[in-house]
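Since the structure comes first, as structure tokens, the remarks are kept for the end.
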Amino acid sequence: MIARYWTRLCGNAVIAAHLRGQRAVPFLPQPALETLRDRCIRDMVSYAARTVPYYREWFARQGIDPREITGAEDLDRLPVLDKEVVRARPRLFVAETFSARGAVSFSTSGTTGTPIEIHHDRRSLLANIAFGERERAPVIRGCGGTFRPKELYVGYETSTFKKVQAFYKENTLLPVRPQRLFVSLLEPIEKIAAIANAARPDVLVGYGGWIDLFFKTIAARGIDLRPPKMVMYMGEALPHGAREYIEGRFGIPVLSRYNAVEAFKIGFFCEQRTGFHLHEDLCHVRVVGADGRTAAPGKQGKVVISNLVNRATVLLNYPIGDVGAMSAEPCPCGRTFTLLSELEGRVEDILPLADGRFVHPRAIWQVFKSDPEVLQYQLTQHELQRFVLTLVTVDEPAFRRARARALPELERVLGARATIDATRRSEIDRGTSGKFRAVASLCATSAVH
Ligand SMILES: [Zn+2]
């Protein structure tokens, strides 16, 4: 009993040690932020070169002194990792150190394939609570200064979520825990609205695709909803136009956080909602163009991350599977953290056609974006010329009307020889991971990943 109390007390001490100045970090003057970021990069690169088998071997083979990597600019010299190698041989990326031996293992959600095993050392898990202060500030402000905003969290209790909760329960004595009410996204939308009306949360939290479906269904069915003060989406991008729709129609600001099992905190929206402010000293982000070089601001490319906190699984230059663009504009909020645009194609696929063309999910979105009777759509490509379209509509007549409007448009986009079977559902099956893909291809090629 005493030993357990001591463990939790030590946990609190680690959090407290990291808490100092967290709220100020996103506002650091640019030179100070760059100095901090580059120091974190040097520390992690030297740790990797000494203790992580993959990097130890790479530096030896290349004959490069790790001290030559002095900051963000030099990260380009390290190889961009192959996700398949990380998936197949996770141990190659785990440090051979004492802190890595006591690490907690997690797995990625695996929407794009078999899950990847990622270990997080205990100290970085505890520090992660302190880093959360940076992201809490805009939420507290948006909720009228409430110190503990009440959250209604709609999702799945994933294994990561449960493990993190269990870890913090065992290892900390937090005096103030978040006020969080959890509801499964498999519950009917009417029921979730009723729970929200009774609980009056400050923040509604959910996956992007689900948030979109929720508000469209509320509007289409005329369901009574006392609006929360803020909407927070995570885990997947919102479909195009959904944020403008929710903010315009319901008057609720929509914010997001960019997290991944591979890095935990990557970025967060501020009050201005201009994109993700990147935690530059926790996870370095590069956007890499098709030519393999760092893309200019405003140009889209693959998001490549380097986690600078976790001392168990060390991933430098890791393509996380998202597409985004850096912003050259500073944010009016005064934070100096670089801005990453909202992510594109996080869970949707680009469709390869039989004639060699590619169709971007945005083209499919164009077909449905102004159709008020389509609450949600999903297009799955089973073979190059065979598609299944699933539409969520209020009733059968609405489905028939929406189908009649959509099919000629889809044929125009996908080609006249494409066969499209359309079916109606009351809600779309989200798959085992709970993530929703509006456009999915089961054909091998994907231009995004
Ligand atoms: Zn900002």
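The values are calculated or read from the model by the stated rules, or taken from the named source; none is laboratory data. Bear in mind that the values here come from a model prediction, so they are computed numbers and not experimental data. Here the Cβ positions follow ideal geometry from the backbone for every residue, glycine too, while neighbour counts run over all protein chains shown. Heavy atoms of the whole protein, side chains included, go into the accessibility calculation; ligands, DNA and RNA do not. Shrake-Rupley method; radii C 1.70, N 1.55, O 1.52, S 1.80 Å.
Overview of results
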{"quantity": "Checking G324 against (1) small (G, A, S); (2) crowded, with 18+ Cβ neighbours inside 10 Å; (3) farther than 30 Å from E117 by Cα, the condition it does not meet", "calculated": "(3)"}
{"quantity": "Evaluation of L353 against (1) under 25 Å from the mean Cα position of the chain (by Cα); (2) open to solvent by less than 30 Å² (accessible area, probe 1.4 Å); (3) modelled with pLDDT under 85 (one fails), failing number", "calculated": "(1)"}
{"quantity": "Those residues of segment 56-84 which are touching a Phe, Trp or Tyr at 6+ places or on another chain (Cβ under 8 Å) and assigned to a helix (DSSP H, G or I), in sequence order", "calculated": "P66, K83"}
{"quantity": "Lone qualifier among K265, K302 - being in contact with a Pro (Cβ under 7 Å, 6 or more places away or on another chain) and under 30 Å from L92 (Cα atoms)", "calculated": "K302"}
{"quantity": "Total residues in segment 6-38, condition free of Cβ contacts under 8 Å to residues at least 12 places away in the same chain and open to solvent by 80 Å² or more (accessible area, probe 1.4 Å)", "calculated": "4"}
{"quantity": "So I266, is it within 16 Å of the ligand (Cβ to nearest atom) and buried (at least 21 other Cβ atoms within 10 Å of the Cβ)", "calculated": "yes"}
{"quantity": "Of residues in segment 248-261 being more than 16 Å from the ligand (Cβ to nearest atom) and over 27 Å from A32 (Cβ atoms), the one least open to solvent (accessible area, probe 1.4 Å)", "calculated": "I252"}
{"quantity": "The listed residue being open to solvent by 20 Å² or more (accessible area, probe 1.4 Å), aliphatic (A, V, I, L, M) and either in a loop (DSSP other than H, G, I, E, B) or more than 16 Å from the ligand (Cβ to nearest atom) (or both), out of L225, L213", "calculated": "L225"}
{"quantity": "Candidates E34, E57, filtered to the one that is under 23 Å from I118 (Cβ atoms), at pLDDT 95 or above and of a type in the set (D, E)", "calculated": "E57"}
{"quantity": "Filter pass, H279 being within 16 Å of the ligand (Cβ to nearest atom) and open to solvent by less than 40 Å² (accessible area, probe 1.4 Å)", "calculated": "yes"}
{"quantity": "Flag for T336 being more than 17 Å from the chain's Cα centre (by Cα) and away from the ligand (no atom under 14 Å from the Cβ)", "calculated": "no"}
{"quantity": "Complete set of residues in segment 154-168 that are at pLDDT 80 or above and in contact with a helix residue (DSSP H, G or I) (Cβ under 9 Å, 6 or more places away or on another chain)", "calculated": "V154, G155, V164, F167, Y168"}
{"quantity": "Selection count, segment 427-449, where residues are modelled with pLDDT of 65 or more and open to solvent by 80 Å² or more (accessible area, probe 1.4 Å)", "calculated": "1"}
{"quantity": "Per-region count, segment 3-30, residues more than 27 Å from the chain's Cα centre (by Cα) and among the polar types (S, T, N, Q)", "calculated": "2"}
{"quantity": "Filter result for A16 (part of a helix (DSSP H, G or I), of a type in the set (A, V, I, L, M, F, W, C) and modelled with pLDDT under 95)", "calculated": "yes"}
{"quantity": "Selection from segment 370-407 of residues that are open to solvent by less than 80 Å² (accessible area, probe 1.4 Å) and free of Cβ contacts under 8 Å to residues at least 12 places away in the same chain", "calculated": "D395, P397, A404"}
{"quantity": "Filter result for V359 (in contact with a helix residue (DSSP H, G or I) (Cβ under 8 Å, 6 or more places away or on another chain), open to solvent by less than 10 Å² (accessible area, probe 1.4 Å), away from the ligand (no atom under 16 Å from the Cβ) and at pLDDT below 80)", "calculated": "yes"}
{"quantity": "Residues of segment 121-145 that turn out to be over 20 Å from the mean Cα position of the chain (by Cα) and open to solvent by 40 Å² or more (accessible area, probe 1.4 Å), as a count", "calculated": "5"}
{"quantity": "Selected residue [modelled with pLDDT under 95, within 16 Å of the ligand (Cβ to nearest atom), farther than 30 Å from L92 by Cβ and in contact with a Pro (Cβ under 9 Å, 6 or more places away or on another chain)] from E329, E342", "calculated": "E329"}
{"quantity": "Single match in F264, F268, F250 (criterion: closer than 19 Å to R148 by Cα and in contact with a helix residue (DSSP H, G or I) (Cβ under 9 Å, 6 or more places away or on another chain))", "calculated": "F268"}
{"quantity": "Among (1) more than 16 Å from the ligand (Cβ to nearest atom); (2) crowded, with 23+ Cβ neighbours inside 10 Å; (3) not small (G, A, S), the one test that N317 misses", "calculated": "(2)"}
